[in-house]
Amino acid sequence: MHRELLISCLTILAVFSPHITGAAEIPLMKAVVAHEYGAPEVLKLEEVPRPEPKENEALVRVIASGVNPADPLTLSGKYAREFGTHLPLIPGYEIAGVVEKTGANVTKLKVGEAVYGYPTFGGGWAEYVTVQEWEVAAKPASLNFVEAAAVPMGALTAWQALVDVAKLQAGQTILIHGGVGSFAVQIAKALGAHVIATASTTNQDLLKQLGADEAVDYTKTRFEDIAKDVDAVLDPVGKETLARSYGVVKKGGVVMSLVERPDPAEIKKRGIRGAGISVHPDAEDLIEIAHLIGAGKIKPIVTQVLPLSEAIAAQQQAATHHTRGKVVLRIADDPKG
């Protein structure tokens, strides 16, 4: 009887041992994960299976990942359908890291290459993330990984608005509200535009450091008294600020908003263009941005670097919209050499 029981146990072990061994060999990684939508407090630091790149993907070992004021909107689930997000969710839409592995169809990225970029569906708040070739580009050589992780989304937003939509030219004038991060002012200056920028009293010196030709303290001065007949407006505020902006744009100019669609009636009445701005990953744009960084025309401003374990605090800070520069999560040490 004991012998039969022993044989039965050995048989069961023989049947299941390959599966047990295989499970143990699945590589794991640390990641910040949301299993439900909600406030930053739903985020948990966990060990999860490391992703495996498909034929058209590369696996990147993440060194640093940026934190954005817009991240809580994704985490809330309010626009899950529009954003294409699903649970479980690993946030992180700005990364800098090193290519670890490439799929069979990947031709532009090489193992060991330092890259930065914007993974469309996030995943950057983890030790590894899979990306498509068009989502990343070579990391600017003059930046370390933390600095590079502070660039992609903000710089792409500004670049796509100013270059693709406004088609801003040297000698033209643009009004930039609330700084739109630091990149819009810097990119507009790099394009040769005259920049009028608005910010609170505490950020006036920062606007001047970034190169704004005219810095307007919106707590003391109405921007309409300074900005007149501008070629373009870039607005991340909406509501009253957007409503007051139509009147400062010259005929044929453009009003761009990051938060709502410009009013069609106002656009038509004034003979101007209106555009709602949304950002998308683009490797070619990232290459152009890297060139400007290399030339010293634009630079990121990092104000706080936190470990992955403090992702909740980082998200709460970014959600206040009062961070002077960028909050970045450091996930690993910079590679040697």
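The values are calculated or read from the model by the stated rules, or taken from the named source; none is laboratory data. All figures in this text were calculated on a predicted structure; none of them were measured in a lab. Don't worry about glycine lacking a Cβ; one is built from the backbone with ideal geometry, like all the others, and counts go over all protein chains shown. These area figures cover heavy atoms from the full protein model, side chains too; ligands, DNA and RNA do not enter into them. Shrake-Rupley method; radii C 1.70, N 1.55, O 1.52, S 1.80 Å.
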Worksheet item: Which of the residues that make up the range 120-144 are in a loop (DSSP other than H, G, I, E, B) and among the aliphatic types (A, V, I, L, M)?
Response: Ala141, Leu143
Worksheet, complete the sentence: Per the list (1) open to solvent by less than 10 Å² (accessible area, probe 1.4 Å); (2) farther than 21 Å from Ala184 by Cα; (3) assigned to a strand (DSSP E or B), residue check on Leu75 breaks on (3)
Worksheet, complete the sentence: With criteria (1) surrounded by fewer than 24 Cβ atoms within 10 Å (Cβ to Cβ); (2) touching a strand residue (DSSP E or B) at 6+ places or on another chain (Cβ under 7 Å); (3) modelled with pLDDT of 95 or more; (4) not acidic (Asp, Glu), Pro152 comes up short on (1)
Worksheet item: Could you count how many residues in the range 210-248 are more than 22 Å from Ser182 (Cβ to Cβ), free of Cβ contacts under 8 Å to residues at least 40 places away in the same chain and not charged (D, E, K, R)?
Response: 3
Discussion item. Looking only at the range 105-119, filter to residues that are within 9 Å of the chain's Cα centre (by Cα) and in a loop (DSSP other than H, G, I, E, B); which one of those is farthest from His35 (Cα to Cα)?
Written reply: Tyr118
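Given the condition open to solvent by 60 Å² or more (accessible area, probe 1.4 Å) and under 22 Å from Tyr118 (Cα atoms), answer yes or no: does some residue in the range 263-280 qualify? Break it down into steps so the answer makes sense when it comes.
Of all residues in the range 263-280, those open to solvent by 60 Å² or more (accessible area, probe 1.4 Å) come to 263-265, 268-270, 273, 278, 280.
Cutting the leftovers down to under 22 Å from Tyr118 (Cα atoms) gives us 278, 280.
Yes, because at least one residue in the range 263-280 is open to solvent by 60 Å² or more (accessible area, probe 1.4 Å) and under 22 Å from Tyr118 (Cα atoms).
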Discussion item. Go through the range 104-122 and report how many residues are more than 26 Å from Ile298 (Cα to Cα) and open to solvent by less than 10 Å² (accessible area, probe 1.4 Å).
Written reply: 0
Practice prompt. Kindly list the number of the only condition in (1) assigned to a strand (DSSP E or B); (2) under 14 Å from Gln172 (Cα atoms) that fails for Val216.
Written response: (2)
Practice prompt. Go through (1) in contact with a helix residue (DSSP H, G or I) (Cβ under 9 Å, 6 or more places away or on another chain); (2) at pLDDT below 95 one by one and return the number of the condition Val62 breaks.
Written response: (2)
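Please go through the range 127-158 and give me each residue that is small (Gly, Ala, Ser) and in contact with a helix residue (DSSP H, G or I) (Cβ under 8 Å, 6 or more places away or on another chain), ordered by number.
Ala137, Ala138, Ala141, Ser142, Gly154, Ala155, Ala158
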Worksheet item: Which is open to solvent by 80 Å² or more (accessible area, probe 1.4 Å) and on the phi > 0 side of the Ramachandran plot, of Asp229, Asp333?
Response: Asp229
Worksheet, complete the sentence: Within the range 283-308, of all residues that are in a loop (DSSP other than H, G, I, E, B) and open to solvent by 40 Å² or more (accessible area, probe 1.4 Å), the one farthest from Ala184 (Cα to Cα) is Ala295
Worksheet, complete the sentence: Filtering the range 92-103 for residues that are over 15 Å from the mean Cα position of the chain (by Cα), within 25 Å of His291 (Cβ to Cβ) and open to solvent by 10 Å² or more (accessible area, probe 1.4 Å) leaves a count of 2
